[in-house]
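Please read the structure below before turning to the comments.
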């Protein structure tokens, strides 16, 4: 196998979707995969099975490869620093990725930058939470995703139960955050190159169900242009101040009183940007590759007035490819993306994007296609 | 490696570009590649090295796989019939593919269908050519491509030289065709499913240089709508009558007096349809997969008024990926497709597509990007 242009750590659907623009650009990916047949390993010719928490495995997959990027944010910072010390270029770098890995570090840094955040505090006991006030959102600083590691507590007993012996794994640190009275969730994405070039994506609306992204509308309907500009400028500023390289998603709450506050940061292609594969001149996956490879970025201009992306979460349909005749007959213009993953209840196993001029029609088509892949 | 959904014979750029929609649709390709590192083998996880003229190699790659499709038209018909007899579904089937493999069979069949063709005849000697008349285009019935196996003869000595002992390989059959006085070349593409469903693509203009496609404009500028309809209807009729499954390209001449005549047929994704990857709701590669997998077809609707595809032919630039910083800086919105092939003079090693509202600007941008990848 010839020399790879970049190494990608982690074989999930984000790495899988990076392979499509990598094919176009002639960029060869060497993949570190959790197993021989995980999502991305099914579609990348050069993959190595290994564990992203084991430095030797990271060293093996990056041998002879300069640029290293990621399907997820779970590579230990000390390993990233070791790779950098050995002459590799992990992108984003450990100094940036830290703020996506640790919500406590993120809150401290964003607060220092003056970025709008919910009221927050570190908490180590039920008393701390009571002092913070109810209701509160408690979050583990590390390792949570898709609603995992997050609890809404409304009274002292709820909070105290979390601190009971054995309720939390050793070393887990908790953050309390104000339960934001939000109108909706927004996401502002940017791509950033090492030298500082930034491309902003349109700010989108993200609709959640059970703590998991269910649907994304691009651009966010009826968003005040001033607030859209504020959100996009905030994402650009965070990317710049934190020296992010690659894609950054700033997940935001739009409050009932018309402000934005930062919910989370993700430093990789993000579920709220999947619409861009079919709906923008340059997808988030292509711009992530272009950014980490230090190539000029592409425009994020939408190809149609509206794009709607609906997640396919594991449901009654267990043979997703076998369901293609049904979904493509019902919505021939649906852009279906299946991740090659075994169907488990609620697991993200694919998504559907529909683009067009009429938002109601686009929404209805995307939902119909996704429902046919979920419930049959 | 888990069971593949389809086998693809041949590891060139067409198979490579099939992999992008295959990733989206969750369809696993098993590839028969000419070598371990040919264009498509670089980007497909499940590939087998073998020879498409050796039945045992075809049997090996199709083991356990029903649907078989192709990167090229060079698999011997008897092998295709053997695969079909063994229960596989070669798509297109040997009875259809014959008309893309053999120009004599194609001319006879199209003439029988009443499809517009240049005047033509089989020729076996210089006298036959003289009887046909000068100037004439002589073509080998099999194996020619991109101007190879084609000669324009203007006088008896030219024709006789071709029939000199040793000038042609044994068994080669020649066809004489009228040298068509054409205004330009057009291409009409359709996708067709086994049951007969057809989707027509917009008729495009194909501009050649030295017998090789250099540039495609979609749709063909200033094409008489009646002629466009005639061309698209002809492609649909040919696909239906010949029972083509997958993509069919009908390459046409638009004559000086405003008629169309058929030049060639191709039963696979075709260079004149590469624009659709970035310029249409459903690319020719996705619809080829959908057709051969007997899935409902997708709409071919353009995403912008104009798409221009310019081929990157091997030139002064030998490190194409190394040239990406230059080309993407000059034309950030260019959609660059590199094929992972070694650069040789005149070889197709990639293409660039630009889409937009203004044809002059789109043309200029596509040419500029391709020139930067060719000449530097």
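Only the coordinates and a few stated rules stand behind these numbers; no lab work does. Note that the structure is a prediction, hence the values are computed from the model and not measured. FYI the Cβ positions are ideal-geometry reconstructions off the backbone, even for glycines, and counts take in every protein chain you see.
Using R₀ = 51 Å, calculate the FRET efficiency as 1/(1 + (r/R₀)^6) where r is the Cβ-Cβ separation of residue B:237 and residue A:359; round to 0.05. Calculated value: 0.85.
Only helices enter the 222 nm calculation for the protein assembly as shown: every DSSP H run of n ≥ 4 contributes -39,500 (n - 2.57), and dividing by all residues gives -9000 deg cm²/dmol, rounded to 500. The residues B:137, A:172, when put in order of fewest to most other Cβ atoms within 10 Å, stand as A:172, B:137.
Beta bridges assigned by DSSP with both partners in chain A are antiparallel in approximately 80 percent of cases. Spin-label model, residue A:255/residue B:154: points 7 Å from Cα along the beta carbon direction are separated by 8.2 nm.
According to the square roots a ≥ b ≥ c of the eigenvalues of the Cα gyration tensor, what is the shape class of the protein assembly as shown, taking rounded for a/c under 1.5, prolate for a/b larger than b/c otherwise, and oblate for the remainder? Taking the square roots of the gyration eigenvalues as a ≥ b ≥ c, the protein assembly as shown is prolate. As a rough footprinting exposure proxy, the listed residues A:272, A:374 were ranked by other beta carbons within 10 Å of their own, and the order from fewest upward is A:374, A:272.
For each of B:44, B:38, count neighbouring Cβ atoms within 10 Å of the residue's Cβ, then give the residues from fewest to most. Taking fewest neighbouring Cβ atoms as first place, the list is B:38, B:44.
So for the protein assembly as shown: antiparallel DSSP bridges make up what percent, rounded to the nearest 5? So the antiparallel bridges amount to about 80 percent of the total. For chain B, a Gaussian network of Cα nodes joined below 10 Å ranks B:318, B:69, B:141 by mean-square fluctuation, and the top entry is B:318. Mean partner shielding of peptide B:23-33, defined as the number of other chain Cβ atoms within 10 Å of each residue Cβ, is 6.
Of A:179, A:55, A:168, the residue with the greatest mean-square motion in the GNM of chain A, using alpha carbon springs below 10 Å, is A:168. Modelled this way, with points 7 Å down the Cα-to-C-beta line, the labels at residue A:344 and residue B:319 are 4.4 nm from one another. Rounded if a/c is under 1.5, else prolate if a/b is larger than b/c, else oblate: which is region A:292-367, with a ≥ b ≥ c the root eigenvalues of its Cα gyration tensor? Judged from the Cα gyration tensor, region A:292-367 comes out oblate (a/c at least 1.5, b/c at or above a/b). Sorted from shortest to longest, the distances between the residue A:211 label points of this copy and the other copies are 6.6 nm, with each point 7 Å from Cα along the line through the beta carbon.
Apply the a/c threshold of 1.5 to the C-alpha gyration tensor of chain B and tell me whether it is rounded, prolate or oblate. It is rounded, given that a/c, with a ≥ b ≥ c, falls under 1.5. Shielding value for B:320-332 is 4, the average number of Cβ atoms from other chains within 10 Å of each residue's Cβ. Once the Cβ-Cβ distance between residue A:128 and residue B:301 is put in as r, and R0 is 51 Å, what FRET efficiency do you end up with, to the nearest 0.05? That gives a FRET efficiency of 0.30. Put the Cα centre of region A:262-336 next to the Cα centre of region A:44-101 and the gap is 25 Å. At an R0 of 25 angstrom, the distance between the Cβ atoms of residue A:56 and residue A:105 translates into a FRET efficiency of 0.40. Built from the Cα atoms of region B:188-326, the convex hull projects on average onto 9.7 nm², one quarter of its surface area.
Just to be sure I understand: with springs between alpha-carbon atoms less than 10 Å apart, which residue in A:361, A:131, A:280 has the highest mean-square fluctuation in the Gaussian network model of chain A? So, out of A:361, A:131, A:280, the one fluctuating most is A:131. With the simple spin-label model, which puts each label point 7 Å out from Cα in the Cβ direction, the residue A:208 to residue A:179 separation comes to 1.3 nm.
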